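What follows is a single structure, written as structure tokens, with notes after it.
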Amino acid sequence: MSTHLDITGLLDLQTLQESVILLEPEHFDRATQLSRSATNEPHQWRSYINGLALYGFVDWLEARAADLTPLQPQSVSVLDAVCNLAVGDFTLCLIVTESVAEELVTVPTVVELPEFSAHLYVLLEVQEEQEQIVLRGCLRYDQLLHYQQTNHLLAQPDQTYTLPLDWFDPDSSHLLFYLRFLEPSTLALPAIPSQLDQVPSLSLPQSITEGLRLPRLNQSIINVWNWSQNLLDATAQSLLWSMPQPLTPTFAMRRSPDKVEAALQDLQHQGIDLPPQAHYAHTTLEGTSFQFCTVTWLTSTDQPSQEWALLFILVAQPGKVIPVGTTLQVSTSSVLADTVLAEVTLETMDLYLYVLVEGNQHEAFTPTILPPNAVAVTLPTFTCYPNSAP
């Protein structure tokens, strides 16, 4: 009489056990502390889940490869991912989900930007109530490129990709093997465009600008077409813009301590026509004292070229002020040259700056902030062009 042992089943069970990360009280405490920096409840929850994934994964990795100590990532934010996690010479992106439905994985499109691309993408399912994380698998950068090209992967309207779960290698030992024995150069990543792209200074006094070059935050484009559906494109997501919100009828009736909302209310009280279909979003400009808000709406739906409006608003970050003499400038570009359409300068009693411009789908507008005696900051170019994926 012989006995057959199902080795495959045992190996699958062992792989599953090795891929379960138990969450400790300190993981919950640290994730809670991380979430407090978020501005609203949905963002707090996303930061909390991302924090659980990050701290649980880091401890799991250190327990199995003590010589591969991860460094704090550059982005633990409102995206469904933790980007730029450095492990040795590798860059990891943690794809964070709370469930894997129908063997499909939702991935934010922002992870394909050069600034957020990674050698290895690690899929983590956070089961908060069960106090555990399941390491669902990893995907190498070269594999992701191959799958994108062979499957003609298209972004969804909510700026996500839907990937089959079986694209991810479920064997966690393979992830450890890559980190220990693979050369990162074999998974060459795209070059990251400099965020300090150099352009000559034409706006500041000569005594300041002699030998000076002006940095741009981003040379890319923000498309506001889908803001009416509360959707951001990948560029706005990567720069941590807030989700677009409508200007509700009661918006101007309530007093708000938020500087962006207070400026919007004041403009409405001044008679600036902000229609009900207008949506606004804003971001904090790191390394400056500014917050920047954009309001947009369609002014005409006539075909073939719809017309739209952009209201740019510059306010100070909480606890800070806009320096007197700061200029907000909006320009448009052509093949021949950049043309300044409008600019306004902060006077002594002003609390914010704003510029309103209108155009059609073939026009684009670039705002620039010119602080006195400081380096100018040029934001991405804004467009409003319909497409299938924002």
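The values are calculated or read from the model by the stated rules, or taken from the named source; none is laboratory data. Note that the structure is predicted; figures quoted are calculated from it, not measured. In this analysis, Cβ positions are derived from the backbone assuming ideal geometry, glycine residues included, and neighbour counts consider all displayed protein chains.
Brief remarks on what is shown
- Of all residues making up the stretch 39-77, the number that are in contact with a Leu (Cβ under 9 Å, 6 or more places away or on another chain), modelled with pLDDT of 65 or more and part of a loop (DSSP other than H, G, I, E, B): 2
- Considering (1) of a type in the set (A, V, I, L, M, F, W, C); (2) buried (at least 20 other Cβ atoms within 10 Å of the Cβ); (3) at pLDDT 85 or above; (4) more than 17 Å from residue 233 (Cβ to Cβ), the lone condition that residue 295 does not fulfil carries the number (4).
- If the condition is being more than 23 Å from the chain's Cα centre (by Cα) and either in a strand (DSSP E or B) or surrounded by fewer than 16 Cβ atoms within 10 Å (Cβ to Cβ) (or both), then the stretch 362-390 contributes 362, 370, 372, 373, 374.
- Any hit, the stretch 341-349, residues being crowded, with 20+ Cβ neighbours inside 10 Å, polar (S, T, N, Q) and at pLDDT 85 or above: no
- Number of the exception - residue 126 against (1) more than 24 Å from residue 176 (Cα to Cα); (2) crowded, with 22+ Cβ neighbours inside 10 Å; (3) not basic (Lys, Arg): (1)
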